[in-house]
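Reviewing the structure listed below.
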Amino acid sequence: MQIKAYFFSFFFYGSCLRPPTVIGQFHTLFFGSVRMFFLGVLGFAVYGNEALHFSCDPDKKEINLFCYNQFRPITPQVFWALQLVTVLVPGAVFHLYAACKSIDQESILQRPIYTVFYILSALLRIILEVIAFWLQSHLFGFQVKSLYHCDASLLEKRLGIIRCLVPEHFEKTIFLIAMYTFTAVTIALGAAEVFEILCRRLSFLSG
């Protein structure tokens, strides 16, 4: 399901109206190819079998499953797939509006109402990325430790706090840092795109 979401996002970006700015086009390339390939291919390789290799002491299937659900309230793949789809929504709404009004690249900069709509969609995209960054930091932190202490007393009172081994924790830490970097870059590109649009709009008016 996550891979389908990544490729849907990729084809959506590829088939829509090209952004009116150079930074916007680079953002589309960065978001539509590099980030989605990274998530769809490498993300699945790193996190795909995490639940199967997550083991606790005592090593019983029901205990492993209980503690894994406690360790991962939501799996990273699902979270990032939801993030991608959610971030696509503002752009999808604008492109739908552009298709209905037959708006081209030049019209976005020439007509004030189109410029405002485009900037609003870009700002909303930035806000959603910031929210996703904050949620990711609270859900997954910035480092994956090799041991997780699970409170298994809800499953069996005699167990109490038990230790669980997190597989490939170092690889997951690197991947997390990369995801934070991707989000930060897309936020910066979005802000730069808004700045470029405003500058070009002012230049168009003065010219």
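For the chain, take the longest principal axis of its alpha carbons; what is the angle in degrees between that and the long axis of helix 2-15, to the nearest 10 within 0 to 90?
Result, in degrees: 10.
Which one of Val166, Gly48, Tyr148 has its Cα pushed farthest toward the positive end of the charge dipole of the stretch 1-206, where Lys and Arg give +1 and Asp and Glu give -1 at the Cβ?
Result: Gly48, furthest along the dipole toward the positive end.
Quick query: amide H of Thr21 versus all other amide H atoms, modeled in the peptide plane; which residues come in under 5 Å with a sequence gap of 5 or more or a different chain?
none
Apply the Karplus curve 6.51 cos²θ - 1.76 cosθ + 1.60, θ = phi - 60°, to the phi angles in the stretch 45-58 and return the couplings in whole Hz, x for Gly and Pro.
5, 7, 9, x, 10, 4, 5, 5, 9, 7, 10, 10, 10, x
Relative to the longest principal Cα axis of the chain, at what angle does helix 76-101 sit, 0 to 90 degrees, rounded to 10?
The helix 76-101 is inclined about 20 degrees to the chain.
Over the chain, average the accessible area per residue using a 1.4 Å probe and give it in Å², no decimals. Write out the running numbers ahead of the final one.
Working: 11460 Å² over 207 residues.
With the other protein chains kept in place, the chain gives 55 Å² per residue.
Could you tell me which residue out of Leu65, Phe37, Thr21 lies farthest along the dipole of the chain toward its positive end? Charges go on the beta carbon: Lys and Arg +1, Asp and Glu -1, centred on the Cα centre.
Checking the options against the dipole of the chain, the answer is Thr21.
I'd like to compare 121-130, 53-62: which one has the highest average count of other Cβ atoms within 10 Å, and what's the full order after that?
In decreasing order of mean packing, 121-130, 53-62 become 121-130, 53-62.
Rounded to the nearest percent, how much of the accessible area of the chain (1.4 Å probe, protein heavy atoms only) is carbon and sulfur?
Heavy-atom surface of the chain belonging to carbon and sulfur, 1.4 Å probe: 69 percent.
Can you list the HN-Hα couplings for the stretch 118-135, worked out from phi with the Karplus curve (6.51, -1.76, 1.60; θ = phi - 60°), rounded to whole Hz and with x for Gly and Pro?
5, 5, 4, 5, 5, 5, 5, 4, 5, 4, 5, 5, 5, 4, 4, 4, 5, 5
Nearest 20 debye, what's the magnitude of the dipole of the chain about its Cα centre given +1 on Lys and Arg Cβ and -1 on Asp and Glu Cβ? All intermediate terms of the calculation are to be shown ahead of the outcome.
Numbers: 16 positive and 13 negative charges, 50 e Å.
Rounded to the nearest 20 debye, it is 240 debye.
Considering just Cα atoms, how many Å³ per residue does the convex hull of the stretch 1-206 enclose?
Enclosed volume per residue, from the Cα hull, is 112 Å³.
Tell me which residues come under 5 Å, amide H to amide H, from Phe54 once H is placed; ignore anything under 5 positions away on its chain.
Placed amide hydrogens put nothing under 5 Å from Phe54.
Out of Val116, Phe182, Ala81, whose Cα points farthest toward the positive end of the dipole of the chain (charges: +1 Lys, Arg; -1 Asp, Glu; placed on Cβ)?
Val116
Whole Å is fine, so just give me how far the alpha carbon centre of the stretch 54-86 lies from that of the stretch 126-153.
Measuring centre to centre over Cα atoms gives 12 Å.
What are the residues whose amide H is under 5 Å from the amide H of Val144, where those residues sit 5 or more places off or on another chain and H is modelled from the backbone?
Counting only residues 5 or more places away or on other chains, the set is Thr173.
Step through the residues of the stretch 180-193 one at a time and calculate ³J(HN,Hα) from phi using the Karplus curve (6.51 cos²θ - 1.76 cosθ + 1.60, θ = phi - 60°), rounding each to whole Hz and writing x for Gly and Pro.
4, 5, 4, 5, 4, 5, 5, 5, 5, 5, x, 5, 5, 5
Which lysines, if any, have their Cα less than 26 Å from the Cα of Lys157, not counting same-chain residues under 8 positions apart?
Lys60, Lys61, Lys145
The values are calculated or read from the model by the stated rules, or taken from the named source; none is laboratory data. Keep in mind that what you see is a predicted model, and the values were worked out from it rather than measured. Glycine also receives a Cβ, built like all others from the backbone with ideal geometry; neighbour counts cover every protein chain displayed. For accessibility, only protein heavy atoms count, side chains too; no ligands or nucleic acids. Shrake-Rupley method; radii C 1.70, N 1.55, O 1.52, S 1.80 Å.
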